Amino acid sequence: WRYRDYVIKSFNADKPYDQFVKEQLAGDEIAAASPGGHNPDAVIATGFYRLGVWDDEPADPLLALYDGYDDIVATAGQAFLATTFNCARCH
């Protein structure tokens, strides 16, 4: 719910799109670089990475880890760059 509320709050505040994207992709780094090292909205924005398939008992844990990474890259590419990266995993 925190990520959802972050998105709604960002839209309602007319947050610039570039800042919105940066917070989702590197919010933890932005928070660390901010004065006092505290920017809770930027950290909450990284909840973007948790939006995906979740299997808490995968048959092959290593494969599941890399499938998760692949999903993050594919989703970020499609959402923010309007291109697909799915084929890059094998090629």
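Carbon and sulfur atoms: what percent of the 1.4 Å accessible area of the chain do they account for?
Values: 4040 of 6790 Å².
The computed percentage sits at 59.
Helix 61-80 against the longest principal axis of the chain: what's the angle in degrees, Cα atoms only, rounded to the nearest 10?
Between helix and principal axis, roughly 50 degrees.
Just the number please: accessible area per residue for the chain, 1.4 Å probe, all protein chains included, in Å².
Numbers: 6790 Å² over 91 residues.
The answer is 75 Å² per residue.
Give me the angle, in degrees from 0 to 90, between the Cα long axis of helix 17-33 and the longest principal axis of the Cα atoms of the chain, rounded to the nearest 10.
90
Considering only protein heavy atoms, what is the solvent-accessible area of Asp41 at a probe of 1.4 Å, reported in Å² to the nearest 10?
Answer for Asp41: close to 50 Å² accessible.
Quote to one decimal, in nm, the extra length available between Leu62 and Glu29 on full extension: 0.36 nm per residue of separation minus the C-alpha distance between them. If you can, show how the numbers build up before the last one.
Details: separation 33, 0.36 × 33 = 11.88 nm, distance 2.62 nm.
Extending this stretch completely gives an extra 9.3 nm.
Leaving out ligands, DNA and RNA but keeping every protein chain, what accessible area does Asp56 have, in Å² rounded to the nearest 10, with a 1.4 Å probe?
120
When all alpha-carbon pairs of the chain are counted, what percent fall beyond 21 Å? Show your work: numbers first, answer last.
Values: 1705 of 4095 pairs.
When all Cα pairs of the chain are counted, 42 percent exceed 21 Å.
The values are calculated or read from the model by the stated rules, or taken from the named source; none is laboratory data. None of the values given here were measured: they were computed from a predicted structure. Accessible surface areas use protein heavy atoms only, side chains included; no ligands, DNA or RNA. Shrake-Rupley method; radii C 1.70, N 1.55, O 1.52, S 1.80 Å.
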